[in-house]
Amino acid sequence: MSRDRDRAGRPRNARPRDALGRPLPRSAAGEPGMPDDLALEPAEAARLAGELLLAGRPFHAHEVLEAAWKSAPDPERDLWQGLAQIAVGLTHGRRGNAAGAVTLLRRGAQRVRACRDAGPAADREPYGIDVARVLADAGRLADLIAAEGLAAVPADGFRLSLRGG
């Protein structure tokens, strides 16, 4: 069976997926996904990704953040890529992959931290994203999983807020 492709010939993944992004049989009814050509302004991407993370849909948040990363100007790419990696870390945790969760949470936090540290002080909350909170929450979750395993994470522990408060 040939793979779905967009007009530019890039592969698309039209296969249905479950709520955590795992592929389902082609005949299954999957979760609605994000469009392959998703294009949002940065503030809207941050808002939508934040809503998805709070709703316990980190795979879908990752898709939004990845779209923002791919369209971001160079100085912002690490922020968006790091946030996308954190969302993938949350997805790994929800899928039961502790090592993947810890690795991606830490890798994403490292990328977000590097972007924050390189930017001017005015960019500490770009697009309303509370970078300090995201870094603290991702770090705490990675440390908890590394020390005590996924069983130590409370039921809502894989929800993360991008906003302060």
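Considering D143, D156, D130, D137, which residue is farther than 16 Å from G89 by Cα and out of contact with any His (no Cβ under 9 Å at 6 or more places or on another chain)?
The unique qualifying residue is D130.
Restricting to segment 57-87, name every residue that is of a type in the set (S, T, N, Q) and at pLDDT below 90.
S71
Of A45, A109, A99, which residue is modelled with pLDDT of 95 or more, part of a helix (DSSP H, G or I) and under 14 Å from the mean Cα position of the chain (by Cα)?
A109
Filter segment 128-143 down to the residues that are surrounded by fewer than 19 Cβ atoms within 10 Å (Cβ to Cβ) and part of a helix (DSSP H, G or I), then identify the one that is farthest from the chain's Cα centre (by Cα).
D143
Tally time: how many residues in segment 71-127 are surrounded by fewer than 16 Cβ atoms within 10 Å (Cβ to Cβ) and of a type in the set (V, I, T)?
0
Checking S161 against (1) small (G, A, S); (2) part of a loop (DSSP other than H, G, I, E, B); (3) without any contact (Cβ under 8 Å) to a residue 60 or more places away in the chain, which test does it fail?
(3)
The values are calculated or read from the model by the stated rules, or taken from the named source; none is laboratory data. Treat the numbers as computed from the prediction; the structure is a model and nothing was measured. Counting neighbours? That spans all protein chains shown, and the Cβs are built from the backbone with ideal geometry, glycine included.
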